[in-house]
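S.K.: This structure is in structure tokens; I'll ask about it shortly.
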Amino acid sequence: MTEFRLPAIRKTYVGFMMGQIILSIFYLSFYIDNFHQGTELIVFGQQQDQIKDQAENYTIERSWGSKGAGDGQFMNPHSLAIDRFGNVYITDTGNNRVEKFSSNGTLLEKWGSKGNMDGQFDQLHDIAVDPTGNFVYTVELANHRVQKFDGNGTFITKWGFGDTGGAGANRRPHQLAVDSHGYVYLTDRGGSEVLKFNSIGRFMEEWGTHGSGDKQFMKPHGIAFDSEDNMYITDMENSRIQKFHSNGTFILTWGSFGTGNGQFSDSIPGITVDSKGFVYVIDRLESRIQKFDGMGTLIAKWGAKGSSLGELNKLEDIAINNKTGEVFITDTQNSRVQVFHIK
């Protein structure tokens, strides 16, 4: 007798009739409970959502950090970036510093203190690394500026936003990303725009207006590029993702407000894209990560609120180590970094 198997499919009735196997599936989603420490991975089957027919297994690999001001500790770890060598840079916002770690959590460097001088920070918010892995960019909310460092924290240059046109001094830069050519892009929540600079801070162009239409924003926040320099932006108060060419040409948008599959709250601060073009979006209020393809098709999601290993509380940012496939997340309320692996 032929044995039929449906791996990872739960909640089914199996009946036998005329030598055939009839499967009655209660739900059209496939609920896979093999995620570590109570975190539920959901892979979508035949439903109103888009479809993925191959299960993925997410496991918690490791975690590091605790609350404090010592080496390897954090006070409100906010954003993170990974260079091409696999080193991890964390904005330790409450301690006004950057901490640099190896991929396994060993502290390599740290720099910064509170202030407005070169190499100091005030409300340090985001961090990005250029494609060469040699230069690190930070953005601060209180000082309204970008600073550029080498990979060991040596200050190189800085720039502000008074000469960028538009809202000028009303700029509220939040997050930044660097494209394959070394251009630096910032989301500006004050002007509801995206700002583009060259690598030494020369203003190049801007686009976007306030609103809910295509190429409009209501609190643009997270920003990331794929390997073809397409840009993805989390449009927070519109609860959606917008995708653009690097010159600002609109491509598409997806998402709506809610807690359902492919929906978002109005607090989606972080986004990243892996080397295969899959887009990962974190939802701070829902304590979850959703994975999409580059056209907005939902692939999977995982996450549960809590403080146990694998659980999340007020997550802020996400990055991918493309050499290992590991997903790094700043678990802010728990004062730690967590690393997940996609099998």
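S.K.: How many residues does segment 72-105 contain that are more than 16 Å from the chain's Cα centre (by Cα), within 17 Å of GLY270 (Cβ to Cβ) and in contact (Cβ under 8 Å) with a residue 60 or more places away in the chain?
M.R.: Adding up the residues that qualify gives 2.
S.K.: Identify, please: which residue in segment 167-191 is among the small types (Gly, Ala, Ser) and buried (at least 21 other Cβ atoms within 10 Å of the Cβ) and is, among those, nearest to the chain's Cα centre (by Cα)?
M.R.: ALA177
S.K.: Could you identify the single residue in LYS196, LYS243, LYS158, LYS148 that is outside any helix (DSSP H, G or I) and more than 22 Å from the chain's Cα centre (by Cα)?
M.R.: Only one candidate passes the filter, namely LYS158.
S.K.: Would you check which residues across segment 283-311 are assigned to a loop (DSSP other than H, G, I, E, B) and acidic (Asp, Glu) and list them?
M.R.: GLU286, ASP293, GLU311 - these are the residues of segment 283-311 that are assigned to a loop (DSSP other than H, G, I, E, B) and acidic (Asp, Glu).
S.K.: Among PHE135, PHE149, which is in contact with a Ser or Thr (Cβ under 8 Å, 6 or more places away or on another chain), closer than 19 Å to LYS114 by Cα, modelled with pLDDT of 90 or more and aromatic (Phe, Trp, Tyr)?
M.R.: PHE149
S.K.: In segment 47-68, which residues are in contact with a Lys or Arg (Cβ under 9 Å, 6 or more places away or on another chain), part of a loop (DSSP other than H, G, I, E, B) and either at pLDDT 90 or above or closer than 12 Å to VAL337 by Cα (or both)?
M.R.: GLY65, SER66
The values are calculated or read from the model by the stated rules, or taken from the named source; none is laboratory data. Quantities reported herein were computed from a predicted structural model and do not represent experimental measurements. Cβ coordinates were reconstructed from backbone atoms using ideal geometry, including for glycine residues, and neighbour counts include every protein chain displayed.
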